[in-house]
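For reference, the structure discussed in these notes is given below.
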Amino acid sequence: MTTRPLSPHLGIWKWRATMAVSIFHRISGHALALAGLLALAWWLIATATSDAAHAAFVAVATSPIGWLLWIGLSWMAAQHLLSGLRHLLMDSGWGYDLGTARASAIAVFLGALLLAGGFWALFFFGPSFR
């Protein structure tokens, strides 16, 4: 009986920025599709149904857990956008050498934090248009 080599498991790999940005791209896409669309559908249905249903949505959306969800979704949207732009550039042939790939992966994470943080800073501290 011959022993075949086992497939490498994630436990033996070292985490790299390029690997993490790829995994987070998939996670953020699924989270945006699931949580974002559910929140949008709930809001649209609540708005079309009654004032009480809309008030219930607003109460949940402005609760601490709701704010955490919105902040997380905005970070995931920024992460997915910047990672998608990175992939678009790589599809054109740019960024395949190790140093550039690593730097662009780190830039995606930092850029997503800055983009989401800037959005919420403008939301909370920017000029009011009400």
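The table below lists the values:
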read-out	value
Residues being closer than 23 Å to Phe124 by Cβ and among the polar types (S, T, N, Q) - total across region 29-68	2
Which numbered condition Thr18 misses (of (1) in contact (Cβ under 8 Å) with a residue 12 or more places away in the chain; (2) touching a Phe, Trp or Tyr at 6+ places or on another chain (Cβ under 9 Å); (3) among the polar types (S, T, N, Q))	(2)
Answer residue from region 97-130, given it is among the hydroxyl-bearing types (Ser, Thr, Tyr) and in a helix (DSSP H, G or I) and is surrounded by the most Cβ atoms within 10 Å (Cβ to Cβ) among those	Ser104
Within region 64-111, tally of residues that are among the β-branched types (Val, Ile, Thr) and under 24 Å from Gly36 (Cβ atoms)	3
From Leu34, Leu68, residue being farther than 20 Å from Gly117 by Cβ and loosely packed, with under 13 Cβ neighbours inside 10 Å	Leu34
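Every residue, every condition in (1) surrounded by 10 or more Cβ atoms within 10 Å (Cβ to Cβ); (2) basic (Lys, Arg); (3) modelled with pLDDT under 95; (4) closer than 19 Å to Gly117 by Cα, yes or no:
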position	(1), (2), (3), (4)
Lys14	no, yes, yes, no
Ala41	yes, no, no, no
Ile45	yes, no, no, no
Ala48	no, no, no, no
Ala52	no, no, no, no
Pro64	no, no, no, yes
Ser83	yes, no, no, yes
Met90	yes, no, no, no
Gly95	yes, no, yes, no
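The values are calculated or read from the model by the stated rules, or taken from the named source; none is laboratory data. Because the structure is a prediction, the values reported are computed rather than measured. Here Cβ is always computed from backbone atoms with ideal geometry, including for glycine, and neighbour counts include all displayed protein chains.
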